[in-house]
1. Nearest 20 debye, what's the magnitude of the dipole of the stretch 73-276 about its Cα centre given +1 on Lys and Arg Cβ and -1 on Asp and Glu Cβ?
2. Please list the non-local residues whose amide H lies under 5 Å from the amide H of Lys31, H modeled 1.01 Å from N, same-chain partners needing a gap of 5 or more.
3. Place the peptides 91-97, 38-44 in order of packing, highest mean first, counting for every residue the other Cβ atoms within 10 Å and averaging per peptide.
4. Please give the contour-minus-distance gain from Gln205 to Asn92: 0.36 nm per residue of separation, less the Cα-Cα distance, rounded to one decimal in nm.
5. Would you calculate the separation in nanometres between label points at Ala190 and Ser230, each defined as 7 Å from the Cα along the Cα-to-beta-carbon direction?
6. Taking square-rooted eigenvalues a ≥ b ≥ c of the alpha carbon gyration tensor, is the stretch 180-220 rounded, prolate or oblate, where a/c under 1.5 means rounded and, failing that, a/b exceeding b/c means prolate?
7. Between the helical axis of 2-18 and the dominant principal axis of the chain, each derived from Cα atoms, what acute angle in degrees is found, rounded to the nearest 10?
8. Take the alpha carbon gyration tensor of the stretch 190-279, find the square roots of its eigenvalues, order them as a ≥ b ≥ c, and report rounded if a/c is under 1.5; if not, report prolate when a/b exceeds b/c, else oblate.
Amino acid sequence: MAQWRSSCLFSILFVALSVPGFTQSPPHPIKLKNSPGLTITDLGNWRAIQKGAEFRKVIFERAEPHHLIDLKIARFDTRWIVPRIVRSLQYNLRGADVKTLAEKSGAMGMINANYFDEKGRPLGFLKTGTNEVNPHISKSSLYTGIFGIKDRLPLIIHRDRFSSPQVDEGLQAGPLLLTQETALSVMRGAGKQSRRSLIGIDKEQRLIIAVTDSLLGGLSWVELQEFFGSGQWLVITTDLLNLDGGGSAQLYLKAAHLEEHVPGTTDVPVAVGFFPRTP
């Protein structure tokens, strides 16, 4: 009887570990090499939320001051989900939260995008599907990356190798954290902890977006470079761009099997939306 029970328990455990979405916490908190006071207490797991879209939540714990940080991540297969830059002005709004923009545009996902001034004007290059809003490529040490869309496929490139004809739509943000699997040196505020919004591309050309969700703090750019660039956390990106963070950082997803909302504290004039591909 004892042997039968052991076999039964083993079978149940094997099935549970094999089910997509089953979350297995690490037996011991995992410390990041570049930030000993930060540990990963739950790696989460990819969960399919609709065709071509997955979601995952990773939980960090910071020792000083003690608090938890949720990193909420979505991954999109561009065979089924395509990106598009969305402006609030398209809906006669000076600014809006990403949930509102998603509902108005019909997007299944939305994340805040570039930096802007107090009047909602972009502080770097911005091109939408209808016009080039700001043709100027900023030389600021912060705005080092471009997220672009060409023929409905995404690209992330350093601003020094970029020109407007390379994209149908595009926006400038930064810093560019990873390019072609290489971590770039960040000159300003590399260790500063804050709420972050990110967009990346992995080896399979899937789009990855992520937002930190915490009331007390967030992650630094160096910590994000290690997490997304090391390859050991199963969320590796070859290219990773920081978007506008702080109060602007926000995310909204509404799929067949999930609704997730990370609200910001300020409305944004521009966002990146994710839409089911149409012929």
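1. Using Cβ point charges on Lys, Arg, Asp and Glu, the stretch 73-276 gives about 340 debye.
2. Amide H neighbours of Lys31, under 5 Å, 5+ apart: Ile40.
3. Final packing ranking: 38-44, 91-97.
4. Numbers: separation 113, 0.36 × 113 = 40.68 nm, distance 3.36 nm.
Answer, rounded to one decimal: 37.3 nm.
5. The two pseudo-label positions are separated by 1.7 nm.
6. oblate
7. Result, in degrees: 10.
8. Numbers: a/c = 1.79, a/b = 1.08, b/c = 1.66.
Verdict is oblate for the stretch 190-279.
Quick note: the coordinates plus some simple rules give every number you see, no bench work behind them. Bear in mind that the values here come from a model prediction, so they are computed numbers and not experimental data. In this analysis, Cβ positions are derived from the backbone assuming ideal geometry, glycine residues included, and neighbour counts consider all displayed protein chains.
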